[in-house]
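The values are calculated or read from the model by the stated rules, or taken from the named source; none is laboratory data. Just so you know, these numbers come straight off a predicted model, no measurement behind them. Cβ: placed from backbone, ideal geometry, glycine included. Neighbour counts: every protein chain shown. Note: areas computed on protein heavy atoms with side chains; ligands, DNA, RNA excluded. Shrake-Rupley method; radii C 1.70, N 1.55, O 1.52, S 1.80 Å.
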Amino acid sequence: MFLKTLAAAAAFSAVAAVAAVPASAGQTFDAVKAKGFVQCAVNTGLAGFSFSDSQGKWTGLDVDLCRAIAVAMFGDSEKAKFTPTTAQQRFVALQSGEVDVITRNATQTLLRDTSLGFNMAGVNFYDGQGFMVPTKSNIKSAKDLNGATICVQPGTTTELNLADYFRKNKMTFKPVLIEKLDELLQAYAAGRCDSYTTDASGLAAVRAGQLSGKGEHTILPERISKEPLGPLVRHGDDQWFDLVKWTLIGMIEAEEMGITSKNVDEMLKSDDPAIKRFLGVTPGYGKAVGVDEKWMYNIVKQIGNYGESFERNVGKDTPLKLERGQNALWTNGGLMYAIPFR
Ligand SMILES: N[C@@H](CCC(=O)N[C@@H](CS)C(=O)NCC(=O)O)C(=O)O
C-alpha cells in the first residue's frame, strides 16, 4: 500500500516535472531568432494571397500568416522576408533551408508530410480544384472538357488531380505544362489552352489580377478535389513547428473569442480567464511556446484575427470577392476550428 502510494507520488511528480520543463529550442527556431527575421516562401504573385506592389511591399492572406509568425517571434510584423517561388521551387527552398516556412497555397498531403520531409502546421484556407474557361467558349461544365487542351502548373496536386479526373470520367485532355504563372496565363489568354485549372481561390485571384482586362472568364462549378492549404515546415524542429502551428490556431481562436485589432486593447481589461490567458495578461502560453507572453496580443493588434485577414485580403469587398464558405468558423457552418488554448 505504502509502495503504491510512493509510486503514485513519483508518477505524479514525473508528470509535474515534464509539465514544468521549458520547451527546448530547436535548430530552426534558434536560427530564426539569431538572424532576427523569418524567411517565408510565397507565390511569385497571386492577388489576395501573396503579392508584392511596385514598392516591393508584400500583402495577402499567406503574407499575413508569415508576418504573424514574425510578430510571435519578434513582436514586429516587419521582421518577415519573402522568397517568391514557383510551385516546383517551393519544396526545394524549404528542404535546403533557404526558407524557414512555406506560407504559399501548399496543399497538405500524405507524401508531402512523409517522403518530402515536412510537417503540416494547419490549414489557413480550405479549397478545391476548379477549371476556368473564356466565357465566350460557352462551356458550362467540366464534363464538357473532353478532348480539351488544359493549362496547368507542374509540381502541383493540380496536375495529378487533373489526370485522375479525366481518367475517372473516361475523357481525354492535352496538358500544357508551364512552370511560371505569368507565362502560363499569357498562353491561356492567347487561346493556347481551352481551360486553365488550379485551386478555385487561385482562379479567382488571377481573374482579379493577371487576367483583368483580358476578356471575360468563367469558373466552372465543379470542384474536383480537396485542397487544404496551409503552412509547411521541415521535419526535425518541433518547437518551430509548434510556433507556426499555434500562431495560425491563435488567429482563428482570436476570431472565435471575438477579439479584433480594433478591440484588443479593451479586451486586455476583460475578466474572462480564457481571454486573460490568451492575451498574456495571465502568463503561461508565451513561455510554453518560447516567445513573449504578449505574442497573441501583438499578432491581433498588428495583423488582426483570421476573419479580419480573410476579409481584408480575399473577402467579398476585395477584387477576389470570396465568400467565407468552408473558411467560416465552425460555429457559422465552416471548417475553421481552433484547437483549445489550454
Ligand atoms: N495547391 C496546389 C497548387 C499550388 C499552386 O502552385 N498554385 C498555383 C496556381 S494558384 C500558384 O500558386 N501559382 C503562383 C505562382 O506560381 O507563383 C499545390 O499545393 O500543389
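Within the stretch 179-197, residues that are open to solvent by 60 Å² or more (accessible area, probe 1.4 Å) reach partners that are part of a helix (DSSP H, G or I) with beta carbons closer than 6 Å, at six or more positions or on different chains, in the pairs 179/88.
Taken together, the residues in the stretch 20-76 that are modelled with pLDDT of 95 or more and assigned to a helix (DSSP H, G or I) amount to 22. May I ask you to verify whether residue 123 is under 15 Å from the mean Cα position of the chain (by Cα) and either away from the ligand (no atom under 14 Å from the Cβ) or surrounded by fewer than 20 Cβ atoms within 10 Å (Cβ to Cβ) (or both)? When the stated conditions are applied, residue 123 does not pass them. Of the residues screened, residue 64 is not one that is charged (D, E, K, R), away from the ligand (no atom under 12 Å from the Cβ) and open to solvent by 30 Å² or more (accessible area, probe 1.4 Å). Out of the residues in the stretch 77-108 that are touching a Phe, Trp or Tyr at 6+ places or on another chain (Cβ under 9 Å) and part of a helix (DSSP H, G or I), state the one that is most open to solvent (accessible area, probe 1.4 Å). Applying the filter and picking the extreme gives 95.
Beta carbons closer than 6 Å, at least 6 apart along the sequence or on distinct chains, pair a first residue in the stretch 38-55 that is open to solvent by 10 Å² or more (accessible area, probe 1.4 Å) and more than 10 Å from the ligand (Cβ to nearest atom) with a second that is among the acidic types (Asp, Glu) and assigned to a loop (DSSP other than H, G, I, E, B) for 39/100. Within the stretch 109-120, the set of residues being in a helix (DSSP H, G or I) and crowded, with 17+ Cβ neighbours inside 10 Å comprises just one member, 112.
Put simply, of 275, 339 the only residue that is at negative phi and either polar (S, T, N, Q) or free of Cβ contacts under 8 Å to residues at least 40 places away in the same chain (or both) is 275.
So which residues in the stretch 101-139 are of a type in the set (D, E, K, R) and out of contact with any Pro (no Cβ under 9 Å at 6 or more places or on another chain)? Lay out the reasoning, then the answer.
Initially, the stretch 101-139 is screened for residues of a type in the set (D, E, K, R), giving 104, 112-113, 127, 136.
Result: 112, 113, 136.
Scanning the stretch 198-224 for residues that are basic (Lys, Arg) and away from the ligand (no atom under 13 Å from the Cβ) gives a single hit, 214. Number of residues in the stretch 149-165 that are crowded, with 20+ Cβ neighbours inside 10 Å and either away from the ligand (no atom under 16 Å from the Cβ) or part of a loop (DSSP other than H, G, I, E, B) (or both): the value is 2. Buried (at least 19 other Cβ atoms within 10 Å of the Cβ) and within 21 Å of residue 74 (Cα to Cα): is that true of residue 289 in this structure? In short, yes.
Evaluation of residue 113 against the conditions (1) near the ligand (Cβ under 10 Å from one of its atoms); (2) within 30 Å of residue 249 (Cα to Cα); (3) touching a strand residue (DSSP E or B) at 6+ places or on another chain (Cβ under 9 Å) shows that the sole unmet condition is (1).
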